[in-house]
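Just below is one structure, and these are the notes that go with it.
The values are calculated or read from the model by the stated rules, or taken from the named source; none is laboratory data. Predicted model, so just to flag it, every value in this text is computed and none were measured. Please note: Cβ atoms are built from the backbone with ideal geometry, for glycine as well, and neighbour counts cover all protein chains shown.
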Amino acid sequence: MDEKELKKEIEERQRKYEEWENSIEGILYGIGGMLGGSTSASERDEYLIAKVLQQIPKDVRGYIIGNVIFILAGDQDGIIHRLRFQIDENRIKEERITQKGKDDIIMRYIEQDFIILTFTPKMSDEYKMIIIAHEIAHTYLNHTDINCHGGEQYERAADDLIESWGFPRAYKSYDFFKR
Ligand SMILES: [Zn+2]
């Protein structure tokens with residue numbers, strides 16, 4: 001095989017890999033096993049998450065797959081029994097707390113974004129996908145601070161973003177969030 005053929009084959013493999021990576025199967029692999037569910041209903045929700053991820057821009061998809069753990073809560077009895085997930089060591093942070101007259105305390109915490117979805121059986125697939133997209137938008141826009149929760153400007157910003165991705169807005173009115 002000469003160099004030209006080799007180059008062509010590498011490019012072809014790269015292309016095939018990217019095609020797989022952006023397929024539903026590849027995306028499902030990327031987000032890992034879904035936490036909080038193992039029923040056929042949660043499998044369907046997992047598929048809906050992958051479908052939404054497939055429809056959003058590539059850079060956002062890459063960011064979300066690399067940084068977010070999805071949790072399906074509210075399935076069946078709404079109880080999550082034991083969550084296990086792999087955590088990147090780089091996400092484990094330490095903070096030294098000094099107190100007068102006492103020993104320092106080292107506080108360890110995990111810096112990890114979660115998207116927790118609470119679906120009910122009555123919700124349509126379309127509606128669930130809008131919710132998934134909306135929550136992805138909040139995470140991507142870094143609305144992770146508690147002060148952002150339910151703020152009108154943040155809700156509008158998330159909906160503006162999902163609209164630019166081709167989804168309907170999650171809210172018809174933002175009056176509820178006015179404060
Ligand atoms: Zn929101």
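Under 6 Å by Cβ, and 6 or more places apart or on different chains, what pairs join a residue from segment 131-160 that is under 15 Å from Ile116 (Cα atoms) with one that is within 12 Å of the ligand (Cβ to nearest atom) and part of a loop (DSSP other than H, G, I, E, B)?
His134/Ala170
Go through the residues of segment 151-164 one by one and say whether even a single one is farther than 16 Å from Val60 by Cα, in a loop (DSSP other than H, G, I, E, B) and either within 11 Å of the ligand (Cβ to nearest atom) or among the acidic types (Asp, Glu) (or both). Spell out how you get there, then give the answer.
Filtering segment 151-164 down to residues farther than 16 Å from Val60 by Cα leaves 151-156.
Filter once more, keeping what is in a loop (DSSP other than H, G, I, E, B): 151.
With the extra rule that they be either within 11 Å of the ligand (Cβ to nearest atom) or among the acidic types (Asp, Glu) (or both), the set shrinks to 151.
Looking through segment 151-164, at least one residue is farther than 16 Å from Val60 by Cα, in a loop (DSSP other than H, G, I, E, B) and either within 11 Å of the ligand (Cβ to nearest atom) or among the acidic types (Asp, Glu) (or both).
Would you check which residues across segment 87-127 are assigned to a strand (DSSP E or B) and either touching a His at 6+ places or on another chain (Cβ under 9 Å) or within 26 Å of Gly32 (Cβ to Cβ) (or both) and list them?
Ile92, Lys93, Glu94, Arg108, Tyr109, Ile110, Asp113, Phe114, Ile115, Ile116, Leu117, Thr118
Any idea which of (1) surrounded by 10 or more Cβ atoms within 10 Å (Cβ to Cβ); (2) away from the ligand (no atom under 16 Å from the Cβ); (3) touching a residue at least 40 places away in the same chain (Cβ under 8 Å) is the one Glu111 doesn't satisfy?
Evaluating Glu111 over (1) surrounded by 10 or more Cβ atoms within 10 Å (Cβ to Cβ); (2) away from the ligand (no atom under 16 Å from the Cβ); (3) touching a residue at least 40 places away in the same chain (Cβ under 8 Å) leaves (3) as the failure.
Anything in segment 116-130 that is within 14 Å of the ligand (Cβ to nearest atom) and surrounded by 19 or more Cβ atoms within 10 Å (Cβ to Cβ)? List them, or say none.
Passing the criteria: Leu117, Ile130.
Which numbered condition in (1) under 19 Å from the mean Cα position of the chain (by Cα); (2) at pLDDT 90 or above is the only one that Gly150 fails?
Evaluating Gly150 over (1) under 19 Å from the mean Cα position of the chain (by Cα); (2) at pLDDT 90 or above leaves (2) as the failure.
Restricted to segment 15-36, and to residues that are modelled with pLDDT of 90 or more and not in a helix (DSSP H, G or I), which residue is surrounded by the fewest Cβ atoms within 10 Å (Cβ to Cβ)?
Ser23
Suppose we keep only residues that are surrounded by 17 or more Cβ atoms within 10 Å (Cβ to Cβ) and hydrophobic (A, V, I, L, M, F, W, C) within segment 135-150. Which one would you say is farthest from the ligand (Cβ to nearest atom)?
Step one: of segment 135-150, the residues surrounded by 17 or more Cβ atoms within 10 Å (Cβ to Cβ) are 135-140, 143.
From the residues that got through so far, the ones that are hydrophobic (A, V, I, L, M, F, W, C) too are 136-137.
Values: Ile136: 11, Ala137: 8 Å.
Restricting to residues being surrounded by 17 or more Cβ atoms within 10 Å (Cβ to Cβ) and hydrophobic (A, V, I, L, M, F, W, C), the top hit is Ile136.
Residues in segment 77-97: is at least one at pLDDT 90 or above and within 16 Å of the ligand (Cβ to nearest atom)?
Looking through segment 77-97, none of the residues is at pLDDT 90 or above and within 16 Å of the ligand (Cβ to nearest atom).
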